[in-house]
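Student: Quick one: the structure is below, and I'll ask about it shortly.
The values are calculated or read from the model by the stated rules, or taken from the named source; none is laboratory data. The model shown is predicted, which means the values in this text are computed figures rather than measured ones. Note that we place each Cβ from the backbone using ideal geometry, even for glycine, and neighbour counts take in every protein chain shown. Note: areas computed on protein heavy atoms with side chains; ligands, DNA, RNA excluded. Shrake-Rupley method; radii C 1.70, N 1.55, O 1.52, S 1.80 Å.
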Amino acid sequence: MAFSISRRVLRAFAPGDVSSLPFSLYNAFRSHDCGDSSHTMRSSALGKMSLDVCRRYSTTILTPNSSEGAFPLHLLSSKNKSVAIPDRGIGLSQDLVIPVTNFLNEDKGFMTLGGDVFDVPIRKDIIHRVVRWQLAKRRQGTHSTKTISEVSGTGRKPWPQKGTGRARHGTLRGAQFRGGATMHGPKPRSHAIKLNKKVRRLGLKIALSARAAEGKLMVFEDLEVPSHKTKNIVHFVSQMENAKKILVVDGGPINEKLKLATQNLHYVNVLPSIGLNVYSILLHDTLVMSRDAVNRIVERMRTPINR
């Protein structure tokens, strides 16, 4: 193993240029030549020494500042080598740096978004499970029909069992009669399905990561508006490109001015950070979050799950 690794070290040198090799490594290579096995058997002491040398060069991490002065420095120098930096991929859990602004389009600096929340791999199956769980859980489940014991009417037998020529019946409140009962109809129940907390949390991370990857996530310093007039929000939305429906998320309770300014706009909705959910993010193509909302969401996503 050490001999094969030492060959990789030798291939780093130019062909035929063995003058720059350390003397001990050069002797080790000659002693372990594949065509000179008999010479290797006769010099076991030299072979042991050369294996130690090869192992030292194959397992030691050498840097230009290393004390191993025998290794050529021109192989360790990075001045003459261009480092190719690949384009950033999606879902690599890398921290994102995003500019911070406000409703007046003022520059408020930058903010770092945690990669474990805003840069997770996109999984449509998780989104589907979370949306299905959310829509099923919000159903009221108050639908109800009356059974034969609940429907209004007498329980008397309508006519004798035999002798009339008619079909035999025991009540006029059966499902086949007008005003009768409903068989196997819906009754009040819960439509909620079970979904683990870690899957729900992962779904919210994926939704946030998708908006961040699309460039549809905006961070505001705060959500203060000059007045409660709707025209302020309309003017701001008109300056945004490709924004058809906007979800505004604040950290704490919603500002009263912002609530009044957006309540007449069907394409702008406001939520507190505690109410942020996957389905609402998917219904809006642009997500606007305050700095406080981002901090609260990250803190909530990093809190250990109580079992």
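Student: Quick one: how many residues across region 85-120 are outside any helix (DSSP H, G or I) and within 20 Å of Arg300 (Cβ to Cβ)?
Tutor: Taking region 85-120 as the starting set, the residues that turn out to be outside any helix (DSSP H, G or I) are 85-114, 119-120.
Among the residues that remain, those that are also within 20 Å of Arg300 (Cβ to Cβ) are: 93, 95-96, 98, 111-114, 119-120.
Number satisfying all stated conditions: 10.
Student: Next up: Applying the selection to region 259-307, what residues are part of a loop (DSSP other than H, G, I, E, B), farther than 20 Å from Val131 by Cα and open to solvent by less than 40 Å² (accessible area, probe 1.4 Å)?
Tutor: The answer is Leu265, and nothing else.
Student: On to the next question. Tally time: how many residues in region 121-141 are more than 23 Å from Lys216 (Cβ to Cβ) and in a loop (DSSP other than H, G, I, E, B)?
Tutor: Here the count works out to 4.
Student: Report yes if Ser144 is out of contact with any Ser or Thr (no Cβ under 7 Å at 6 or more places or on another chain), touching a residue at least 40 places away in the same chain (Cβ under 8 Å), part of a loop (DSSP other than H, G, I, E, B) and not acidic (Asp, Glu), otherwise no. Can you show your working first?
Tutor: On the way: out of contact with any Ser or Thr (no Cβ under 7 Å at 6 or more places or on another chain): yes; touching a residue at least 40 places away in the same chain (Cβ under 8 Å): yes; part of a loop (DSSP other than H, G, I, E, B): yes; not acidic (Asp, Glu): yes.
Judged against the criteria, Ser144 is a match.
Student: In addition: If we keep just the residues of region 220-254 that are part of a loop (DSSP other than H, G, I, E, B), in contact (Cβ under 8 Å) with a residue 12 or more places away in the chain and among the charged types (D, E, K, R), which is most open to solvent (accessible area, probe 1.4 Å)?
Tutor: Only one residue tops the list, namely Lys244.
Student: Let me ask another. Within region 186-195, is there a residue that is in contact (Cβ under 8 Å) with a residue 12 or more places away in the chain, under 29 Å from the mean Cα position of the chain (by Cα) and either closer than 30 Å to Met240 by Cβ or open to solvent by less than 30 Å² (accessible area, probe 1.4 Å) (or both)?
Tutor: Yes: one or more hits.
Student: Test Trp159 against the stated conditions and say whether it is open to solvent by less than 70 Å² (accessible area, probe 1.4 Å), part of a helix (DSSP H, G or I), over 30 Å from Met240 (Cβ atoms) and of a type outside the set (Gly, Ala, Ser).
Tutor: No; evaluated as a whole, the condition is false for this residue.
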